[in-house]
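The values are calculated or read from the model by the stated rules, or taken from the named source; none is laboratory data. Given the structure is predicted, the values throughout are model-derived calculations rather than measurements. All Cβ positions, glycine included, derive from the backbone under ideal geometry; neighbour counts span all protein chains shown.
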Amino acid sequence: MKLRQIDFRWYSASSLVLFSALFGLIGMLSLHIHTVSPQEAAAGEVILGTMEEVTFSPFTAFDVWWFFLFTVIGAAAIVVLSRVALIFAGRGKGASFRVTVRMALLFAVVMLVCWLPYMLTWFPGGVYSDTLNVIDQAYGVVPLSNQHTLLYTFEWKVCLKLAGYNLFIGCALMMAFQAVVMAAVCSYTVLWLNRHGVGRVGCAFSACFFALFPLFPYYVVSLWKDTTFSAFVLWFCLCFADAVLTRGRISRVQVASLCVSALLVAFARNNGKYIVLAAAVFLLVVCRREIREALVSLFVPLFATLLVIIVVQGPVYSRLGVDSSSTVESLGVPIQQVARVIAYDGELSPEAEDVFYSIMPRETWKAAYRPLLVDSVKWNPSFNASALSEDKLGFVRAYLDTGLRNPQLYLEGFLMSNAGFWDPLMGANENVAYVQLDMWSGSTVSQVDVIESLTGVSLRSLLQPHGYFSCALFALIMLASLAVLAVNRQWQWVCALVPMLLLWGTLIIASPIAYSLRYCYALVLAIPLFVAFPVLALRWPTVEGPLYLTRDRENETVMMDVDSSDQTLSHKE
């Protein structure tokens, strides 16, 4: 297939410098965080390590050297990845292969079959402590709360009702529901990639990745809201990409998919609404020149959806008394920064002392502080959450004043609060909300190894995790994909990944824990997108707008119509 040659002078020097510097900064900062091993930590886990066990070393003149070194390595990696993407773009033959809906359904079935050994080995799944609270709400034992989202509670209510309120069967139905949702979204991703130019090899790689990579069955078996939420985020990202790449010229079915996926993301996790709202505003900016054409067909239903989200999660939830997204939950990182200043005897004004010590005594702040986890502070029996909620403005003023007096401690507190989402060395040795295969404490459910019961042979030792991936690894893969797109000025494809970038950004800004794969699990699902987008963008480079791919089955000709131009490219295979 003949392709337009890409001149590497297209490289955007500013983008190359920006992303290289970002990788350099990440590499340099990662050298400053030091932890003991889980065996050496007093509590047995690094995540619970004290300020003596988890430290941030002082900045020195050598940091300039490390920053420069990692920046050069980052720049070289971006150039090499761009060359590799160009090679694959030139070898693409996606036009001769088409994934049909029937094939996509077959992919979904194959995925379910590949995941089945995990599901039967840990039947009917494993729960996280948060899930037990949701189950109690579904049973009506405790009042409804949106802390773990009403949508997730509703999912459990339906499964329990279908099971006759038998918890064992209800859990099995919930695991089956998660498996079907995951398989459906993953198979749709393969279909979507093929419709946008990914060929036989790329589709096979994506399907095999979804079917065989253990993190997918692990999250099917782990019964928590993050599994379905991540699937919804991937679906929303694909719908959002359609809207971006066509500058808002999508069909009614695609608009409906965008709105439904936006609703599911917003109601599946409490940070979902921020992802959806920011993505919608971003889409409006991208399509500003085509606003007249897309206003009625796209933006009216989309912003009506946003209005529903705002009204329901605002006045309606408040009226029903289920809005429990407390001030404490939204201020995890600031609380960690304040706790670090107090723990290290930083400078506090008298006014700030009055505010902070009304929330918790000084010595308790010091004893409770854990650099990587805010839970030890906010769940401390002495923590006065009502004092914080009743004087939010006073806390904000004291927080800002303390930050001006202790900038380095604030920076260290911020970096250690979300370290595992940007530092690939953090969280790679611990199962901290990585997967939850067999936890049933506080429940009457007993887990059954169905395969062992039927055959006498257990696969647990073979299938269980033998190592852990850092959350930051998948974030770095996303950033590398964005870097390749940016330096080649493929801005539309950069914009198409905005929902994933927003998910990561919300964790960096307001992470409830320093590392937990489940919070950014959608980045794992999006790996095929991160790999395919640079290749697709370089295969069909455009300046004015996206490419519309159409197929003429009779002569097997692919037409690429460049938006806002009369240019047409075609080729015969």
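Selection of the stretch 519-532 for residues being out of contact with any Gly (no Cβ under 7 Å at 6 or more places or on another chain) and buried (at least 23 other Cβ atoms within 10 Å of the Cβ) yields Tyr519, Cys520, Tyr521, Ala522, Leu523, Leu525, Ala526, Leu529.
Scanning the stretch 491-518 for residues being crowded, with 24+ Cβ neighbours inside 10 Å and farther than 30 Å from Gly413 by Cα gives a total of 2.
It is to be established whether one or more residues within the stretch 320-327 are surrounded by fewer than 14 Cβ atoms within 10 Å (Cβ to Cβ) and part of a helix (DSSP H, G or I). Yes.
Which residues, counting only those in the stretch 372-392, are part of a helix (DSSP H, G or I) and touching a residue at least 24 places away in the same chain (Cβ under 8 Å)? Passing the criteria: Asp375, Ser376, Val377, Lys378, Ala385, Ala387, Leu388, Ser389, Lys392.
For the stretch 524-543, state whether one or more residues are at pLDDT 50 or above, over 25 Å from Gly90 (Cβ atoms) and not β-branched (Val, Ile, Thr). Taking every residue of the stretch 524-543 in turn, at least one turns out to be at pLDDT 50 or above, over 25 Å from Gly90 (Cβ atoms) and not β-branched (Val, Ile, Thr). Criterion applied to Tyr468, Tyr369 was being in contact (Cβ under 8 Å) with a residue 60 or more places away in the chain and surrounded by 15 or more Cβ atoms within 10 Å (Cβ to Cβ), and the one residue passing it is Tyr369. Scanning the stretch 229-244 for any residue that is over 20 Å from Leu264 (Cβ atoms) and either without any contact (Cβ under 8 Å) to a residue 24 or more places away in the chain or touching a helix residue (DSSP H, G or I) at 6+ places or on another chain (Cβ under 7 Å) (or both) turns up nothing. Among the residues of the stretch 137-167, those identified as surrounded by fewer than 16 Cβ atoms within 10 Å (Cβ to Cβ) and part of a helix (DSSP H, G or I) are Tyr139, Phe154, Val158, Lys161, Leu162.
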